[in-house]
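Here the structure is laid out as structure tokens; the discussion comes afterwards.
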Amino acid sequence: MAPRSVVRVRRADPNRIAELDDGSSVSCGAVVVATGVQYRALDAPGAADLVGRGMYYGSATSVAESLHGEDVVVVGGANSAGQAAVYLARFARRVTILVRAGSLVERMSSYLVEQVTSLANVEVRTRTRVIDAIGREHLERVRVTGLEGDRELPATAMFIVIGARPRSVRCAPARSNVASAVGEGSVAIQFAHVYQSG
């Protein structure tokens, strides 16, 4: 099955008809709208070219196990960045968290700050930002600027966790039951099953 965009959903009781962007349509008993998120992009030269080749938006847990003995960078200073760093520290040789703010406590929960700062292979660099992502076929190094001036850090992976917003769409269902969920898609699917079972 090839992915298609839905351009319209209409009722045809007891079903819903999803009209697709290629002109075809699909009949279904329930519709789950999963629009995903739009990650805030890292504004640094080389970054866009290395997405998926060592540079990832969000915490790519599927990649983490391949990072045994590697140097990894996490960009961000809120809870998601802290959670990513704690998880990645289980595999990577060294995890460097780059935070634009003056400290982690400004945006991260205290329990997570304690966890992050207790890990021997995690370094936190505050008032630091990425100014270049360097690599030919894959990320190799990250150039940063901060309190110590400009410097390059070795990195085979960089996880960008600097914010995201939902890719929301405007839906106007014709008085039908609508279940919504943010973050946990399985909850939305559970609601669809409950709706279907009557």
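The values are calculated or read from the model by the stated rules, or taken from the named source; none is laboratory data. Remember, predicted model here, so these are calculated numbers, not experimental data. Cβ coordinates were reconstructed from backbone atoms using ideal geometry, including for glycine residues, and neighbour counts include every protein chain displayed.
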(Q) So, in region 105-125, how many residues would count as being within 16 Å of Phe159 (Cβ to Cβ), not in a loop (DSSP other than H, G, I, E, B) and not acidic (Asp, Glu)? (A) 5
Q: Run Gly82 past the list (1) within 25 Å of Pro166 (Cα to Cα); (2) small (Gly, Ala, Ser); (3) assigned by TED's automatic domain parsing to the domain that holds Arg136; (4) part of a loop (DSSP other than H, G, I, E, B) and report the number of the one that doesn't hold.
A: (4)
Q.
Regarding region 87-102, can at least one residue be identified that is in contact with a Phe, Trp or Tyr (Cβ under 8 Å, 6 or more places away or on another chain) and in contact (Cβ under 8 Å) with a residue 60 or more places away in the chain?
A. yes
Q. Can you name the residue in region 31-49 that is of a type in the set (A, V, I, L, M, F, W, C) and out of contact with any strand residue (DSSP E or B) (no Cβ under 7 Å at 6 or more places or on another chain) and is also surrounded by the fewest Cβ atoms within 10 Å (Cβ to Cβ) among such residues?
A. Ala34
(Q) Looking at (1) surrounded by 12 or more Cβ atoms within 10 Å (Cβ to Cβ); (2) assigned to a loop (DSSP other than H, G, I, E, B), which one does Gly69 not meet, given that it meets all the others? (A) (1)
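Every residue, every condition in (1) out of contact with any Ser or Thr (no Cβ under 9 Å at 6 or more places or on another chain); (2) basic (Lys, Arg); (3) touching a residue at least 60 places away in the same chain (Cβ under 8 Å), yes or no:
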{"position": "Ser5", "(1), (2), (3)": "yes, no, no"}
{"position": "Ala18", "(1), (2), (3)": "no, no, no"}
{"position": "Cys28", "(1), (2), (3)": "yes, no, no"}
{"position": "Ala44", "(1), (2), (3)": "yes, no, yes"}
{"position": "Leu50", "(1), (2), (3)": "yes, no, yes"}
{"position": "Ser59", "(1), (2), (3)": "no, no, yes"}
{"position": "Val72", "(1), (2), (3)": "no, no, yes"}
Q. Where in region 1-62 are there strands (runs of 3 or more DSSP E), lying fully within it, with 2 or more residues that are over 15 Å from the mean Cα position of the chain (by Cα) and either at negative phi or not aromatic (Phe, Trp, Tyr) (or both)?
A. 6-12, 15-20, 25-28
